[in-house]
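Encoded as structure tokens, the structure appears first; notes follow it.
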Amino acid sequence: VRAKSLSLYGYSRPTTPNLERWAARAVVFDSAYAPSSWTLPSHASYFTGRPHRELRVDWLQPLDDSVPVIAEAFAQAGYRTGGFAANWFYTTRESGLARGFAHYRDLRRSAKQLLLHSAPGQLLVSRHPGHYDRERDVHRKDASVVTEEFLAWAAQDSTRPFFAFLNYFDAHKPYATPPGGHPNFGGMKTAADGYDVNVWYLDRELGALLEELERRGTLRDSWVVITSDHGELFGEHGLQGHGNSLYGPSLH
């Protein structure tokens, strides 16, 4: 998710009405830049507090256990720790990001997921790192599923504080039509239109999540941090996608 496409940051399409509403009682960082222009090194930096150049992490290299991670610190302090991830390429247990989480939900259990996470499946589908063209065929987890997993886990024990990580994946190619109705941004004619619709959907789900946490009383003594691991390019500087440059739309 890039700041350039959020109405919270002045974008002309109303993509983030809920974030705007919640921002009135929060702190908004105008100059928030991701540590990298793709998923794994950015998450590794978020979890360790280290620049990714100091970490042994790459397209085919998961985060190792040489540096402590924030979930371990919370667990040692007596917190429950739970991770809920939708990106099945770079936030699964195999990525190294699950360390420190007592509970971690990533892949949906299905025959297709099992096949594509086998060595033959990887050769069949992923001829190069970062290949996402068949996401919708492998039971992609939309935002509502991630939220439901988290809320069910959070409700299991009210005696201890928790640290939770939620990874949403909807504003990522291919831009599937989100469940339920959505605004007709540009008639969904371009990739950017589909992207904006999914940003709007994520905003809707975040609004519902925050409302439920407030209803439960959780927000009274909680910090909620909403950020992004990278942005996206839609023709700026002659480029598409991410992980291919360090231009503003990829990092801001």
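The values are calculated or read from the model by the stated rules, or taken from the named source; none is laboratory data. All figures in this text were calculated on a predicted structure; none of them were measured in a lab. Cβ: placed from backbone, ideal geometry, glycine included. Neighbour counts: every protein chain shown. Surface accessibility is based on the protein's heavy atoms, side chains included, excluding ligands, DNA and RNA. Shrake-Rupley method; radii C 1.70, N 1.55, O 1.52, S 1.80 Å.
A few points about this structure:
- Inter-residue pairs, beta-carbon under 8 Å, first under 19 Å from Ala73 (Cα atoms) and aliphatic (A, V, I, L, M) and in the stretch 32-60, second open to solvent by 30 Å² or more (accessible area, probe 1.4 Å) and part of a helix (DSSP H, G or I), 6+ apart: Ala44/His52
- Residue satisfying all of: in the stretch 172-220; in contact (Cβ under 8 Å) with a residue 40 or more places away in the chain and of a type in the set (Asp, Glu); farthest from Ser31 (Cα to Cα) among these: Glu212
- Answer residue from the stretch 185-236, given it is of a type in the set (S, T, N, Q) and in a helix (DSSP H, G or I) and is most open to solvent (accessible area, probe 1.4 Å) among those: Thr218
- Taking the stretch 70-97 as the range and being touching a helix residue (DSSP H, G or I) at 6+ places or on another chain (Cβ under 9 Å), of a type in the set (A, V, I, L, M) and over 18 Å from Leu60 (Cβ atoms) as the test, the residues that pass are Ile70, Ala71, Ala85, Ala86.
- Within the stretch 168-184, the set of residues being of a type outside the set (D, E, K, R) and surrounded by 19 or more Cβ atoms within 10 Å (Cβ to Cβ) comprises Tyr168, Phe169, Ala171, His172, Tyr175, Pro178.
- Residues being of a type in the set (Val, Ile, Thr) and more than 13 Å from the chain's Cα centre (by Cα) - total across the stretch 146-168: 1
- Matching residues in the stretch 32-58 - criterion: being more than 15 Å from Arg99 (Cβ to Cβ), open to solvent by 90 Å² or more (accessible area, probe 1.4 Å) and part of a loop (DSSP other than H, G, I, E, B): Tyr33
- The stretch 64-87 - residue that is part of a loop (DSSP other than H, G, I, E, B) and aliphatic (A, V, I, L, M) and, of those, farthest from His43 (Cα to Cα): Ala77
- Single condition Thr159 does not satisfy, out of (1) modelled with pLDDT of 95 or more; (2) among the β-branched types (Val, Ile, Thr); (3) in a loop (DSSP other than H, G, I, E, B): (1)
- Single residue of Glu205, Glu214, Glu232, Glu236 found to be under 17 Å from Pro35 (Cα atoms) and modelled with pLDDT of 95 or more: Glu232
- Of all residues in the stretch 8-25 being free of Cβ contacts under 8 Å to residues at least 24 places away in the same chain and part of a loop (DSSP other than H, G, I, E, B), the one that is farthest from Val199 (Cα to Cα): Arg25
- Of all the numbered requirements in (1) out of contact with any Asp or Glu (no Cβ under 8 Å at 6 or more places or on another chain); (2) under 28 Å from Pro183 (Cα atoms); (3) buried (at least 19 other Cβ atoms within 10 Å of the Cβ), Arg21 misses one, and that requirement is (3).
- Residues being of a type in the set (D, E, K, R) and under 20 Å from Gly241 (Cβ atoms) - total across the stretch 1-50: 2
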